[in-house]
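A.B. asks: Sharing a structure, written as structure tokens. Questions coming.
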Amino acid sequence: MSRKGIGYAAARPYAVVDSLAELHGPTSGEVCLPHRLDWGPPYTYDLADAGEVAVMYETVIREALNPADLAAFLDADTLRALWPSLFLPTPARALWEARFPQLRQAAAA
């Protein structure tokens, strides 16, 4: 089967946790993601800045290859609140919403 025409976002694997209760990441302070998640120059995300939190969550969801990274850097309540406005690859959003219908419902509200 040819992969011609399939974009990177559709072909790459995305990690997802089994339960939102696993997401116990930081909710205050500053976070510097490991290079495996944030490939650019080192950057510190200020969790008091809503825009920076959204960018950090988008980065972690796009780049995490295992549930441990998701659990370490995402918080369930923050994810629920941000979900409708996060800019994510369609396959990643579909995977998360299939596992957690409440996220799909939040995005539709």
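The values are calculated or read from the model by the stated rules, or taken from the named source; none is laboratory data. What you see is a predicted model; the values in this text were computed from it and never measured. We place every Cβ from the backbone using ideal geometry, glycine too, and count neighbours over all the protein chains shown.
A.B. asks: When Ala54 is evaluated against the numbered criteria (1) assigned to a loop (DSSP other than H, G, I, E, B); (2) surrounded by 15 or more Cβ atoms within 10 Å (Cβ to Cβ); (3) small (Gly, Ala, Ser), which criterion, by number, is the only one it fails?
C.D. replies: Among (1) assigned to a loop (DSSP other than H, G, I, E, B); (2) surrounded by 15 or more Cβ atoms within 10 Å (Cβ to Cβ); (3) small (Gly, Ala, Ser), the lone unmet condition for Ala54 is (1).
A.B. asks: Give me the pairs: first residue in region 95-107 and under 9 Å from Val16 (Cβ atoms), second residue among the β-branched types (Val, Ile, Thr), beta-carbon distance under 6 Å, and six or more apart or on different chains, which are they?
C.D. replies: Close Cβ pairs satisfying both conditions: Leu95/Val16; Trp96/Val16; Arg99/Val16.
A.B. asks: When region 40-59 is examined, which residues are found to be aromatic (Phe, Trp, Tyr) and closer than 27 Å to Arg99 by Cα? Give the steps one after another, and end with the answer.
C.D. replies: Residues of region 40-59 aromatic (Phe, Trp, Tyr): 43, 45, 57.
Matches in region 40-59: Tyr57 only.
A.B. asks: Condition first: among the β-branched types (Val, Ile, Thr) and more than 21 Å from Asn66 (Cβ to Cβ). Now tell me which residues in region 20-54 satisfy that. Steps first, please.
C.D. replies: Of all residues in region 20-54, those among the β-branched types (Val, Ile, Thr) come to 27, 31, 44, 53.
Within region 20-54, Thr27, Thr44, Val53 meet the criteria.
A.B. asks: Those residues that are in a helix (DSSP H, G or I) and either at pLDDT below 95 or over 11 Å from the mean Cα position of the chain (by Cα) (or both), I need them from region 64-75; list them, please. Can you show your working first?
C.D. replies: Taking region 64-75 and keeping what is in a helix (DSSP H, G or I), we get 67-73.
Those that are in a helix (DSSP H, G or I) and either at pLDDT below 95 or over 11 Å from the mean Cα position of the chain (by Cα) (or both): Ala68, Ala72.
A.B. asks: So, Leu33, is that one over 16 Å from Trp83 (Cα atoms) and surrounded by 17 or more Cβ atoms within 10 Å (Cβ to Cβ) or not?
C.D. replies: Working: over 16 Å from Trp83 (Cα atoms): yes; surrounded by 17 or more Cβ atoms within 10 Å (Cβ to Cβ): yes.
Yes: the conditions hold for Leu33.
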